[in-house]
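Q: This is the structure I want to talk about, given as structure tokens.
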Amino acid sequence: MGISLVIDVLLALGLVGLALQVVAGPSLFRSIVLFVVFGLVMALAWARLHAPDLAMAEAAIGAGITGALLLMTYRRLVELNPEKRGETYLGSRWLAAPVGVLTGVLVGLIGWAALQLPPGDTTAGTLARDALDETGVSNPVTGVLLVFRGYDTLLEMGVLLLAFLGARAVASGRAHSPGTSEVSEPALVGALLSLVVPLTILVGIYLLRAGGHAPGGAFQAGAVLAAGGVLLSLTGRLVPTDHTPLVQRLVLVLGLLVFSGMGLFMLFAGSAMLSLPGTWAIYLVETALMISIALPLALLFAQAPGLKGRGH
Amino acid sequence: MAEQAMILLVFLPLLAACLAFVLAGTPARVIAGITMAALPALMLPITVDVIDQGEIAHSLGGHAAPLGIRLVADGSGALMLWLVAIIGSLASLHAWFSFRDQPDAEGTFWPLWLILIAGLNGMFLSCDLFNLYVAMELVTLSAVALVALAGGPVALSAAMRYLLLAMLASLAYLLGVVLIYNATGTMDFRLLAADLEATPEVIISLVLITVGLLLKTAIFPLHVWLPRAHASAPGPVSAVLSALVVKASLFVLYRIWFWSGAELDLAPAEWVLGLAGAGAIIYGSLAALVQSRLKLLVAYSTVAQLGYLMMIFPLASLLAWPAANYQIMAHALAKAALFLAAANILRGQGTDRLQELGGLDRRQPIDLFAFGIAGVSIMGLPPSGGFLAKWMFLETAWAQAAWGWLAVMVIGSLLAAAYIFRALAGMLTSRQTEFQARIRPVHRAMSLSALALALLALASGFASSPILELLGLEPPGLSVDS
Amino acid sequence: MNTALSLAVIFLIINLAAGLVRVARGPSPEDRMLAALLFGSTTVAVLLILAQLMEIPALRDVALLFGLLAAIISVAFVALPADHDRDEEDSWR
Amino acid sequence: MQAEIYVAASAAVFGTGVYGLILARHILRKLLALNLMGGGVFLLLITLGGGADGPPDPIPQAMVLTGIVIAVSATAFALAMLVRLYQETGRATLELEDDDQEGGGDG
């Protein structure tokens, strides 16, 4: 026990140190890279806290997709204004000390409060563990996400759709290509792509299938697929379109339609809303969710209403 | 029957949003219109059952709380849902005509709009702290996107400020919820009530939750994001933002305060909340008084009117409860009318600068009339709903000999009269302005939707008894005589 | 056995910290990205050992995911022209 | 003991995020700070959820998964809006505008 505690201390120190560097570092680009590293260390912390589901999600979404989005946005801002003029970091240096003290007090209060609370004996979580057998899946996290608190998951799909709709609402009209199709690309990119992209699909499907009994599930799988899409749009294999094609519009709402459609069917068949008729239904919903997670994430990265294959 | 209707209140707009997004164009508008028109119909069986049984509930997935999430419609919740149904459908009528000439924006507008409605209904029905977090994100992101839809630097930076502060608010709220879950093992805010004790840790988490919700509600001094965002949004969006969106987070605050925290003694905090409300009333009214643009005046008036809703905390009693709910309702109806009328005026005149709006009584009489009628309710003149709300508040303060709060509310009403009359006086002067180049046609239905809301605000003063009956269910955190 | 594994993890984490210095200092984007790739490989190793140490086999799946993401990062780096990131003390803070 | 370590770390990360959010002016930096704050909240949730000893509570894990997806959604939307704002104004910061500008939004 003693020596493995050193691991935790190192990870905790790493997290705090990285957070400080992200906030106080001198260059914005460096802060973004360090934020991605923060995500990776966080994934290790999740592993140490017996949360492999989260380690996957953090690596794929928290560090991976978010990091890619941040870097892409940084790049677009630099393109818009190569001189990076007129930007300063600290609004007013005299604020730094009082704000530091204030947040220090906040940190103390939160930490203290969290440690005071005695852990409850019977939590909703222990009930979920006990009731897991009814669900047909043996991964309790999947059970909670799809069965016990499926409503949260469904609304969350709405939030993801909103992010896409909002981004489309503020898009400036002209589609922007995140890839570098004009620049000649190194010869190895094509070869590597033909290896990595099928691999992302394979891993995605594997994670989806594994989600029932082991860590994994729709979110992790969707994020991995999205990473494949990010790759393809980065290398110009997928190019942005000005409008969202019908098929992609359907895919974007597929998860919502399938999940709530099945829920409503069960409701009007006399059962409870969002109750699922069997294990197959869980996998069906998860598959739909995976697809509807992957596409908006890839589109958000491309900052485009739609994508199409190059040459079409 | 009522349970199914309650679930459809969330899922009908959600599915309609998906369909509107997929089909786009004219079908999107038709789907949205049908959906919004169906909402009041869905409210009928719900209202009957709520009056009958006190409340209706449904455990989603068949898993009872605390394991699952349940939807609950009680009296005050039903009132809010009615407001969403009525204001939502009248604002949709306005949007039907005002967005018709912007096909690009319209394709995004209807899905966003329907998700916003679904999120609002979800917030008013939710009985689970974490589910409320998700529903709140649904409302916030769609609201921000709808503000940004107006385009242009002003709306975009207003939307950005709104989004950043709302994200901060969500995180503060979520942190509080995390601490609460750890203390009690449940997130159902009715079940919580039994487990919450006034230990310093619970107080800290309640403070975090409260600050987050106050930031989302834009209670003074956390209001900085509101006036710009509400004033620069498209007309129907401003109406729903001011009438409903800020009330939704306040409604959550009421629920946590008076249901979950029913057993706690929070007197000092109640006083602080009252002071924030008093600050909002005075500051918001004074700021509204000096605005040179109509929509900003209306937006600052929202800051002021939200202050009244804080008065329930220091005056906590069973008399203040219907007063606060009445104020939510009256303000929502009147403010939606004001924003729609102001949007019509801006559209018709090409400007909403007060000094350029002279002689409006001849050019846009219906909009001016709607503005005036709604203004009566904002000022709190009889026989409007606003009058009844303020009268109940004053009565409560009088009964408790709370002269300070009473004085603030009286001053607030006087200031409201001042800024409404200032706006009306500007628009009624016969000074004919020169340029009419930017005028765009205002469809009759757009004016009538504003007028309908204004008349409803006025009428809610007459029809008080069924509404008060709906509010009959008393939150446990309020006593008869405090 | 467990002590040995723990020590190995600690050693690898200290390696990560060393790599972090390159990420933070640069100076060239290639330095940063190589360090980030090293990061990926090292975390894969950490996860594999943790899977053994904590008896959570699923952590091997996590390691698999990390390996895939590291490959994606390398492609992304090759595909993205990164010349504008060279300046360390950019005025844009 | 493990719980104490991670509770301290999560509180410190959250606080660092708050500090950065208040002081940073570039919107991208504000978003980084908000994401750090989110990380702190999630870490606290899992740490308290009994990850340290005994079987971990699945409900906090599901909540954090939801939270991560919401965080990336909000961040992605904010980034898209930032690009547009930058195109329109040339600024990546929020200044308090004077209230006398003509607002759009008559639609």
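The values are calculated or read from the model by the stated rules, or taken from the named source; none is laboratory data. This is a predicted model, so every value here is computed, not measured. Glycine also receives a Cβ, built like all others from the backbone with ideal geometry; neighbour counts cover every protein chain displayed.
Q: Can you pull out the residues in region B:215-242 that are under 23 Å from B:PHE99 (Cα atoms), touching a Gly at 6+ places or on another chain (Cβ under 9 Å) and away from chain D (no Cβ under 11 Å)?
A: B:VAL240
Q: Separate question: State whether the residues of region A:63-76 include one that is in contact with an Asp or Glu (Cβ under 8 Å, 6 or more places away or on another chain), assigned to a helix (DSSP H, G or I), closer than 30 Å to D:ALA76 by Cβ and modelled with pLDDT of 80 or more. Reasoning before the result, please.
A: Going residue by residue through region A:63-76, those that are in contact with an Asp or Glu (Cβ under 8 Å, 6 or more places away or on another chain) are none.
No, region A:63-76 has no match at all.
Q: While we're looking at this one, here's another question. Restricting to region A:207-241, what's the tally of residues that are assigned to a loop (DSSP other than H, G, I, E, B), of a type outside the set (Gly, Ala, Ser) and buried (at least 24 other Cβ atoms within 10 Å of the Cβ)? Steps first, answer last, please.
A: Here is the first cut: in region A:207-241, the ones assigned to a loop (DSSP other than H, G, I, E, B) are A:211-217, A:235-237.
Subset that is of a type outside the set (Gly, Ala, Ser): A:213, A:215, A:235, A:237.
Among the residues that remain, those that are also buried (at least 24 other Cβ atoms within 10 Å of the Cβ) are: A:215, A:235.
Matching residues across region A:207-241 total 2.
Q: A further question follows. I'm trying to understand the selection: among the residues of region A:238-273, which are more than 8 Å from chain B (Cβ to nearest Cβ), in contact with a strand residue (DSSP E or B) (Cβ under 9 Å, 6 or more places away or on another chain) and not charged (D, E, K, R)? Steps first, answer last, please.
A: At the first step, the residues of region A:238-273 found to be more than 8 Å from chain B (Cβ to nearest Cβ) are A:238-245, A:247-248, A:251, A:254-255, A:258-259, A:262, A:265-266, A:269-270.
Applying the additional criterion that residues be in contact with a strand residue (DSSP E or B) (Cβ under 9 Å, 6 or more places away or on another chain) yields A:238-245, A:248.
Listed by number, the residues that qualify are A:LEU238, A:VAL239, A:PRO240, A:THR241, A:HIS243, A:THR244, A:PRO245, A:GLN248.
Q: Moving on to the next point. Evaluate the following for B:VAL154: is it farther than 20 Å from D:ALA74 by Cα, out of contact with any strand residue (DSSP E or B) (no Cβ under 7 Å at 6 or more places or on another chain) and assigned to a loop (DSSP other than H, G, I, E, B)?
A: Details: farther than 20 Å from D:ALA74 by Cα: yes; out of contact with any strand residue (DSSP E or B) (no Cβ under 7 Å at 6 or more places or on another chain): yes; assigned to a loop (DSSP other than H, G, I, E, B): no.
For B:VAL154, the condition - farther than 20 Å from D:ALA74 by Cα, out of contact with any strand residue (DSSP E or B) (no Cβ under 7 Å at 6 or more places or on another chain) and assigned to a loop (DSSP other than H, G, I, E, B) - is not met.
Q: Select, from B:LEU354, B:LEU340, B:LEU346, B:LEU381, the only residue that is of a type in the set (A, V, I, L, M, F, W, C), without any contact (Cβ under 8 Å) to a residue 60 or more places away in the chain and touching a helix residue (DSSP H, G or I) at 6+ places or on another chain (Cβ under 9 Å).
A: The match here is B:LEU381.
Q: Related question: How many residues does region A:12-28 hold that are in contact with an Asp or Glu (Cβ under 8 Å, 6 or more places away or on another chain), of a type in the set (A, V, I, L, M) and either more than 8 Å from chain D (Cβ to nearest Cβ) or at positive phi (or both)? Break it down stepwise before answering.
A: Filtering region A:12-28 down to residues in contact with an Asp or Glu (Cβ under 8 Å, 6 or more places away or on another chain) leaves A:26-28.
Restricting the remaining residues to those that are of a type in the set (A, V, I, L, M) gives A:28.
Among the residues that remain, those that are also either more than 8 Å from chain D (Cβ to nearest Cβ) or at positive phi (or both) are: none.
The total comes to 0.
Q: Quick one: in region B:23-37, of everything that is more than 24 Å from the chain's Cα centre (by Cα) and without any contact (Cβ under 8 Å) to a residue 40 or more places away in the chain, which residue is surrounded by the most Cβ atoms within 10 Å (Cβ to Cβ)?
A: Filtering first and then ranking leaves B:LEU23.
Q: Right, next: Condition first: surrounded by fewer than 24 Cβ atoms within 10 Å (Cβ to Cβ), in contact (Cβ under 8 Å) with a residue 40 or more places away in the chain and aliphatic (A, V, I, L, M). Can you find one or more residues in region B:325-332 that meet it?
A: Going through region B:325-332, the residues surrounded by fewer than 24 Cβ atoms within 10 Å (Cβ to Cβ) turn out to be none.
The answer is no, given that none of the residues of region B:325-332 is surrounded by fewer than 24 Cβ atoms within 10 Å (Cβ to Cβ), in contact (Cβ under 8 Å) with a residue 40 or more places away in the chain and aliphatic (A, V, I, L, M).
Q: Right, next: Away from chain B (no Cβ under 14 Å), modelled with pLDDT of 85 or more and farther than 30 Å from B:ALA16 by Cα - does that describe any residue in region A:174-187?
A: For region A:174-187, residues away from chain B (no Cβ under 14 Å), modelled with pLDDT of 85 or more and farther than 30 Å from B:ALA16 by Cα: absent.
Q: Moving to a separate point now. Could you tell me which numbered condition B:VAL154 fails, if it satisfies all but one of (1) within 27 Å of A:SER271 (Cα to Cα); (2) at the interface with another protein chain (Cβ under 8 Å from one of its Cβ atoms); (3) surrounded by fewer than 24 Cβ atoms within 10 Å (Cβ to Cβ)?
A: In the conditions (1) within 27 Å of A:SER271 (Cα to Cα); (2) at the interface with another protein chain (Cβ under 8 Å from one of its Cβ atoms); (3) surrounded by fewer than 24 Cβ atoms within 10 Å (Cβ to Cβ), B:VAL154 misses (1) alone.
Q: A further question follows. Filter the helices (runs of 4 or more DSSP H) completely within region B:1-118 down to those with at least 2 residues that are over 30 Å from A:VAL141 (Cβ atoms), facing chain A (nearest Cβ under 9 Å) and in contact with a Phe, Trp or Tyr (Cβ under 9 Å, 6 or more places away or on another chain).
A: Working: elements: B:2-23, B:25-53, B:75-98.
In region B:1-118, there are no helices (runs of 4 or more DSSP H) which contain 2 or more residues that are over 30 Å from A:VAL141 (Cβ atoms), facing chain A (nearest Cβ under 9 Å) and in contact with a Phe, Trp or Tyr (Cβ under 9 Å, 6 or more places away or on another chain).
Q: Which ones in region A:132-148 are touching a helix residue (DSSP H, G or I) at 6+ places or on another chain (Cβ under 6 Å) and either crowded, with 23+ Cβ neighbours inside 10 Å or not in a helix (DSSP H, G or I) (or both)? Outline the logic, then answer.
A: We begin by selecting, within region A:132-148, every residue touching a helix residue (DSSP H, G or I) at 6+ places or on another chain (Cβ under 6 Å); these are A:132, A:135-137, A:140-141, A:143-148.
Matches in region A:132-148: A:GLY136, A:VAL137, A:PRO140, A:VAL141, A:GLY143, A:VAL144, A:LEU145, A:LEU146, A:VAL147, A:PHE148.
Q: Further, regarding this structure: Among the helices (runs of 4 or more DSSP H) lying completely within region B:207-287, list those that include at least 2 residues that are modelled with pLDDT under 95, crowded, with 20+ Cβ neighbours inside 10 Å and small (Gly, Ala, Ser). Outline the logic, then answer.
A: Working: elements: B:226-232, B:235-240, B:246-255.
Result: B:226-232.
Q: Could you pull out the residue among B:TRP398, B:TRP405 that is part of a helix (DSSP H, G or I) and crowded, with 18+ Cβ neighbours inside 10 Å? Write out each step before concluding.
A: Values: B:TRP398 fails: crowded, with 18+ Cβ neighbours inside 10 Å.
Among B:TRP398, B:TRP405, only B:TRP405 is part of a helix (DSSP H, G or I) and crowded, with 18+ Cβ neighbours inside 10 Å.
Q: Within region D:30-40, is there a residue that is without any contact (Cβ under 8 Å) to a residue 12 or more places away in the chain and either within 7 Å of another protein chain (Cβ to nearest Cβ) or farther than 18 Å from B:ALA172 by Cβ (or both)? Break it down into steps so the answer makes sense when it comes.
A: Restricting attention to region D:30-40, the residues satisfying the condition of being without any contact (Cβ under 8 Å) to a residue 12 or more places away in the chain are D:30.
Applying the additional criterion that residues be either within 7 Å of another protein chain (Cβ to nearest Cβ) or farther than 18 Å from B:ALA172 by Cβ (or both) yields D:30.
Within region D:30-40, one or more residues are without any contact (Cβ under 8 Å) to a residue 12 or more places away in the chain and either within 7 Å of another protein chain (Cβ to nearest Cβ) or farther than 18 Å from B:ALA172 by Cβ (or both).
Q: Identify all residues within region A:134-166 that are at the interface with chain B (Cβ under 7 Å from one of its Cβ atoms) and either small (Gly, Ala, Ser) or in contact with an Asp or Glu (Cβ under 7 Å, 6 or more places away or on another chain) (or both); write none if there are none. Full working, then the answer.
A: Filtering region A:134-166 for residues at the interface with chain B (Cβ under 7 Å from one of its Cβ atoms) gives A:147-152, A:155-156, A:158-159, A:162-163, A:165-166.
The answer is A:GLY150, A:GLY158, A:VAL159, A:ALA163, A:GLY166.
Q: Tell me, which residue of region C:13-36 that is of a type in the set (A, V, I, L, M, F, W, C) and surrounded by fewer than 16 Cβ atoms within 10 Å (Cβ to Cβ) is farthest from A:PRO52 (Cα to Cα)?
A: Initial filter on region C:13-36 (of a type in the set (A, V, I, L, M, F, W, C)): C:13-14, C:16-18, C:20-21, C:23-24, C:33-36.
Remaining after also requiring surrounded by fewer than 16 Cβ atoms within 10 Å (Cβ to Cβ): C:14, C:17-18, C:21.
Values: C:ILE14: 22, C:ALA17: 23, C:ALA18: 26, C:VAL21: 28 Å.
Across region C:13-36, the extreme among qualifying residues is C:VAL21.
Q: In region B:157-203, which residues are among the polar types (S, T, N, Q), buried (at least 22 other Cβ atoms within 10 Å of the Cβ) and either facing chain A (nearest Cβ under 10 Å) or touching a Pro at 6+ places or on another chain (Cβ under 8 Å) (or both)? Full working, then the answer.
A: Step one: of region B:157-203, the residues among the polar types (S, T, N, Q) are B:157, B:170, B:182, B:184, B:186, B:199.
Subsequent filtering for residues that are buried (at least 22 other Cβ atoms within 10 Å of the Cβ) retains B:157, B:170, B:182, B:184, B:186.
Scanning region B:157-203 gives B:ASN182, B:THR184, B:THR186.
Q: Could you say which residue among A:LEU202, A:LEU300, A:LEU252 is over 23 Å from A:GLY143 (Cα atoms), touching a Pro at 6+ places or on another chain (Cβ under 8 Å) and assigned to a helix (DSSP H, G or I)?
A: On the way: A:LEU202 fails: touching a Pro at 6+ places or on another chain (Cβ under 8 Å); A:LEU300 fails: touching a Pro at 6+ places or on another chain (Cβ under 8 Å).
Matching residue, one of A:LEU202, A:LEU300, A:LEU252: A:LEU252.
Q: I would also like to ask the following. Looking at A:VAL144, A:VAL159, A:VAL196, which one is out of contact with any Gly (no Cβ under 7 Å at 6 or more places or on another chain) and either of a type in the set (Phe, Trp, Tyr) or at pLDDT below 90 (or both)?
A: Numbers: A:VAL144 fails: either of a type in the set (Phe, Trp, Tyr) or at pLDDT below 90 (or both); A:VAL159 fails: either of a type in the set (Phe, Trp, Tyr) or at pLDDT below 90 (or both).
Going through A:VAL144, A:VAL159, A:VAL196 in turn, just one is out of contact with any Gly (no Cβ under 7 Å at 6 or more places or on another chain) and either of a type in the set (Phe, Trp, Tyr) or at pLDDT below 90 (or both): A:VAL196.
Q: List every residue pair whose Cβ atoms lie under 7 Å apart, where the two residues are 6 or more positions apart in sequence or sit on different chains, the first residue falls within region A:90-116 and is within 8 Å of chain D (Cβ to nearest Cβ), and the second residue, located anywhere, is modelled with pLDDT under 85 and assigned to a helix (DSSP H, G or I).
A: Partner pairs satisfying both residue conditions: A:LEU90/A:ALA96.
Q: State all residues of region A:258-267 that are under 21 Å from B:PHE21 (Cα atoms) and crowded, with 18+ Cβ neighbours inside 10 Å; if no residue qualifies, say none.
A: Once the filter is applied, which keeps residues that are under 21 Å from B:PHE21 (Cα atoms) and crowded, with 18+ Cβ neighbours inside 10 Å, region A:258-267 yields A:VAL258, A:PHE259, A:SER260, A:MET262, A:GLY263, A:LEU264.
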